[in-house]
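The next block holds one structure in the form of structure tokens; read it before the comments.
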Amino acid sequence: MTTDDIDTSVVVIGGGQAGLSVSYYLKRLGLDPGNEFVVLDRGPGTGGAWQFRWEALRIGSAHRINDLPGMDELGISFENADRQSPAKDVVADYYQRYEDHYGFQVVRPASVSSVENVGANLRVTFNDGQGDQHVTTDIVINATGTWGSPFIPWYPGLKSFEGRHVHTTEYTRAEDFAGQKVVVVGGGTSAIGFLLELENVAESLTWVSRRPIEFLEDGELNLEARVSAVQMQDEAARAGRALPSIVSGTGVPRTRRIQAGVERGLLAARPMFSSIEPAGVRFENGSFVEADVIIWSTGFRPELRHLAPLKLREKEGGIVVANGTAWKDGRIFFAGYGPQASTIGANRAGRTIARQAVATLSRLKREARDLAEAEAAPVFVYHAPEEHAEAPVSTDLDYFGDGDARDSVVPAADEPTPDAPVGEPLEATQAIVIDDDDWMRPQS
Ligand code: FAD
């Protein structure tokens, strides 16, 4: 794709599990991929975040990876996928075959830098390695995940550390830490996975966590429990409180391998250190642990920078979403966030969001048609009542499509009217906040 200003109806940003699942349902609902909807992915390859996961991660060692919808048509399933090769390669291969089979024509690399309002449309700007390109669209479905937004909490002395800071996203293999003094930060299963891998590799290992580790006795992380964890975050965000992490709402599964690590004293977390010094970390009680590396398994934030021009954020920092749609702008959808941030959640969201997007698209087209008809009819001049005297009045938008000019009072262009998909209630709101990378379950 090299031409400027391509027109389409739907732009899907992100070609991971969520973006592909949405694409599958958009196609089933009759939209032509590459024409009526366009998928933009930063790439460089297939697999979404999975292509960047560390070498040692195997399909069987992670949580269940759910098949994409319609994957059975290709005769492949993660149920019987290769468990010897790195999960990153297996997932990338399956997704590639899936994209080819359904002809999604995902544009890669396509790094989206902004989504803006241009009249009644949205203008998506992305860089394809050659320069900036633009797509004009009616609807945007954001499926950008969190991998590109690693989060490291601030502690006094953070910048003074003379060793290496390594976030989960930068961890590739245990050998990189051979003979080093390592501090691992985080109370989730990624941190635990790293500790188990590094046990006989690093010179010393220290595990610290902000909170006591809550082990689940049934050995299974309940993905659905994430829903209530996200609701907890929502409440905190709306009350202006510090956000609790996802793992504090779900706990850590006590697998046989983890239990064995606990019993031999490897998996014993110290309380969080209070400051960082050039050569290590200092605890509240004055004790000091030397470190060459601090591994931060401290989670992610949603990747939403490119949506900043739309001003969707609340003052508390989150975006309020109802039924997968931004509360402040019914043309912006979110796939794969909050409780949807697992492969099964992303699949479910795909169907719901594709339906909502197509319903919204029909409504927008209907409104555009009505508008065109209205423009052909005689013009009535509307005088705004006193209380609306300051509000911008537009005669070219009629949100309810009934020709009533009073509906044409619209906010300024950068403050879109809150709107919901047709027939969908707005009560079920949730702020989108992701705070922990607690998904990887070490081998049991
Ligand atoms: P991603 O897979 O992250 O895909 C997002 C895509 O959007 C990427 O391709 C990215 O390049 C692209 N993108 C981002 N920003 C832009 C932009 N500005 N412009 C263009 N493209 C962009 N879930 C499970 O169900 N099972 C597991 O075992 C599991 N293990 C996990 C392990 C870890 C360490 C982590 C962090 C998460 C794990 N998850 C797991 C949750 C995981 O996030 C989902 O399974 C899945 O990867 C989410 O899919 P997604 O499409 O939402 O996001």
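Any read-out appearing in this document is the output of simple, stated calculations on the displayed coordinates, not a laboratory observation. All values reported here derive from a predicted model rather than from experimental measurement. Here the Cβ is made from the backbone with ideal geometry for all residues, glycine too, and neighbour counts use every protein chain on show.
Size descriptors for the stretch 129-198 (Cα atoms only): Rg and Dmax, in that order, 18.0, 55 Å.
Among the trypsin sites (Lys or Arg not before Pro) within the stretch 279-317, those in coil by DSSP and having at most 16 neighbouring Cβ atoms inside 10 Å are Lys311, Lys315. Listed values for the stretch 256-269 are Karplus-derived 3J(HN,Hα) couplings in whole Hz (6.51 cos²θ - 1.76 cosθ + 1.60, θ = phi - 60°), namely 4, 5, 5, 4, 4, x, 5, 5, 8, x, 5, 9, 10, 7, and x replaces Gly and Pro. Using the Kirkwood formula over every pair of different C-alpha atoms, what hydrodynamic radius in Å results for the stretch 1-86? The Cα-based Kirkwood calculation yields 14.8 Å.
Diffusion coefficient of the stretch 264-344 by Stokes-Einstein, Kirkwood radius over Cα pairs, 37 °C, 0.692 mPa s: 196 µm²/s. Put simply, the stretch 59-209 fits an ellipsoid with semi-axes of 36, 26, 13 Å; these come from the alpha carbon gyration tensor as the roots of five times its eigenvalues, largest first.
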